[in-house]
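Undergrad: Dumping the structure here so I can ask a few things about it.
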Amino acid sequence: MAKSWIWRSVAVVFLIYAIGVLALMWWWDYEPPHFDVASNAREVAASTSASTRVVTGSVTTAALVTSARTLLDKRGGYLSNDRFPPGALMDNVPNWEFGVLTATRDLARALRNDFSRSQTQSIEDKDLQEADPLFSSPNDRWLLPSSESQYGKAIEHTRAYLARLGDNDDSNAQFYARADNLTDYLQVVSARLGSLSQKLSAAAGQVRLDTTLAGDPHAQQATPSPSEKPMRTPWSKIDDNFYEARGYTWALREQLEAIRIDFAPILASKNATVSLEQIIRELEESQKPLGSPIVLNGRPFGFFANHSLVMANYISRANAAIIDLRELLKRG
């Protein structure tokens, strides 16, 4: 009789624990909303220092700070390095986090190498020089120093740059909104979007021709590849790729909206503002709520939807618009 009571108690405790884990998984499994980059810049500048002004570059830098801070402060906190339930049982949010982190790393590196420097021979900004490698820390490290602590330090260094950017000392920090700087950054973005589009398209399965050496009769590669290569994403990776793309496009939308403000004179002079707005619109469409509890992977023209192909469509259109925008910026 005593043993039966013990086992019943254990079963009840386990059931309560399982219900709690499932409830937390449901609560934590969400994507943070879009934020207004202009008002965000004013709020971040005010919280950084009372004397910090919103100047050229403040909106982009503040968007980077808030996007990175969202990784740490959203529901459930940062989940990619969790080793215990419910975080360890979730994969959609960690992949979303990795997408945001990729966009964050790209912009942090662009700030360090391009936007904050007048030329290649100029000195790097001291805070951005620290922030860049900290953002590049492994995303799944839970031992000291943990991923969260490294990213937190990177955010503080970026805020310090923002504070110096908006003070009254013009030699303290700078942000150069030039066409060549923006073109270099957009080249990195285009490569990221192209890679994501390819991974998403492979969910449906297709045979791809080898075009790696096209256009140059003397081109070579380290290892020969077949002329045709079947590509199909394993079923376990379909939702991973989808949510990574959702995270990257969420962060990229914030960044490009900020760039639209900081680079407004440059874009207007090149008659390229509408091109950037079209890119932002495509990214906005990619963030619409998923009308299904799971990522469906139906046939391209089948009865059920294929969410990966829909996402790949928006990303490809955004990438095509970015290529056009880069060409506009290169013209005199």
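Each value in this text was obtained by applying a stated rule to the coordinates, not by laboratory testing. Just so we're clear, the structure is a prediction, and the values are computed from it rather than from any experiment. FYI the Cβ positions are ideal-geometry reconstructions off the backbone, even for glycines, and counts take in every protein chain you see.
Undergrad: Anything in the chain that counts as a DSSP H helix reaching 30 Å or more along its axis (C-alpha) with Kyte-Doolittle mean of at least -0.5? List them, would you?
TA: Counting only whole DSSP H runs, the qualifying helices are 2-28, 179-201, 307-330.
Undergrad: A follow-up question, please. For the pair Trp235/Lys126, report the inter-label distance in nm, with labels modelled 7 Å from Cα in the Cβ direction.
TA: Simple spin-label model gives 5.7 nm for this pair.
Undergrad: What are the trypsin sites (Lys or Arg not before Pro) within region 1-81 that DSSP puts in a loop, where the Cβ has at most 13 other Cβ atoms within 10 Å?
TA: Counting only loop positions with at most 13 other Cβ atoms within 10 Å, the trypsin sites (Lys or Arg not before Pro) in region 1-81 are Arg53, Arg75.
Undergrad: Return the long-range amide H neighbours of Met231 (sequence gap of 5 or more, or a different chain), with a cut-off of under 5 Å between placed amide H atoms.
TA: Those lying under 5 Å, H to H, from Met231 are Gln206, Val207, Arg208.
Undergrad: Just tell me which aspartates and glutamates come within less than 15 Å, Cα to Cα, of Lys153; anything on the same chain fewer than 8 places away is out.
TA: Asp73, Asp127, Glu130, Asp132
Undergrad: Of Ile259, Ser190, Asn306, which is farthest along the charge dipole of the chain in the positive direction, counting Lys and Arg as +1 and Asp and Glu as -1 at C-beta?
TA: The Cα lying farthest towards the positive end belongs to Asn306.
Undergrad: While we're here: With only Lys, Arg, Asp and Glu charged, each at its Cβ (+1 for the first two, -1 for the last two), find how big the charge dipole of region 132-183 is about the Cα centre; round to the nearest 20 debye.
TA: 120
Undergrad: Can you give me the relative contact order of the chain as a percent, contacts being Cα pairs under 8 Å and 6 or more apart?
TA: Normalised by residue count, the contact order of the chain is 21 percent.
Undergrad: Under a point-charge model restricted to the Cβ atoms of Lys and Arg (+1) and Asp and Glu (-1), what is the dipole moment magnitude of the chain relative to its Cα centre, in debye to the nearest 20?
TA: Result for the chain is approximately 700 debye, rounded to the nearest 20.
Undergrad: For Ser116, Ser275, Ser147, Ser47, what ranking results if the residue with the fewest other Cβ atoms within 10 Å of its Cβ goes first?
TA: Ser47, Ser275, Ser147, Ser116
Undergrad: Within the set of other residues whose C-beta is less than 9 Å from the C-beta of Gly99, count the net charge using Lys and Arg as +1 and Asp and Glu as -1.
TA: Surrounding charge for Gly99 is -1.
Undergrad: Order these by the 10 Å Cβ neighbour count, fewest first: Leu182, Leu143.
TA: Leu143, Leu182
Undergrad: So, counting K/R as plus one and D/E as minus one, what does the shell of residues with Cβ under 12 Å around Ile323 add up to?
TA: That sum, taken over residues with Cβ under 12 Å, equals +1.
Undergrad: I've got another one for you. Do the sum for the chain: with -39,500 (n - 2.57) for every DSSP H run of n ≥ 4, divided by all residues, what is the mean residue ellipticity at 222 nm, to the nearest 500 deg cm²/dmol?
TA: Helix-only estimate at 222 nm: -19500 deg cm²/dmol.
Undergrad: Choose one of Ala177, Ala46, Asn92: the residue whose Cα lies farthest towards the positive end of the charge dipole of the chain (beta-carbon charges +1 Lys, Arg; -1 Asp, Glu; about the Cα centre).
TA: Result: Asn92, furthest along the dipole toward the positive end.
Undergrad: Another question, then. Taking a virtual spin label 7 Å from the Cα of Glu277 along the C-beta vector, which residues in region 297-332 bring their backbone nitrogen under 16 Å of it?
TA: Zone members listed by number: 325.
Undergrad: Hey, which of these cross-link pairs are over 32 Å Cα-Cα: Lys74/Lys199; Lys237/Lys270; Lys74/Lys237; Lys74/Lys126; Lys237/Lys288?
TA: Those over the limit are Lys237/Lys270.
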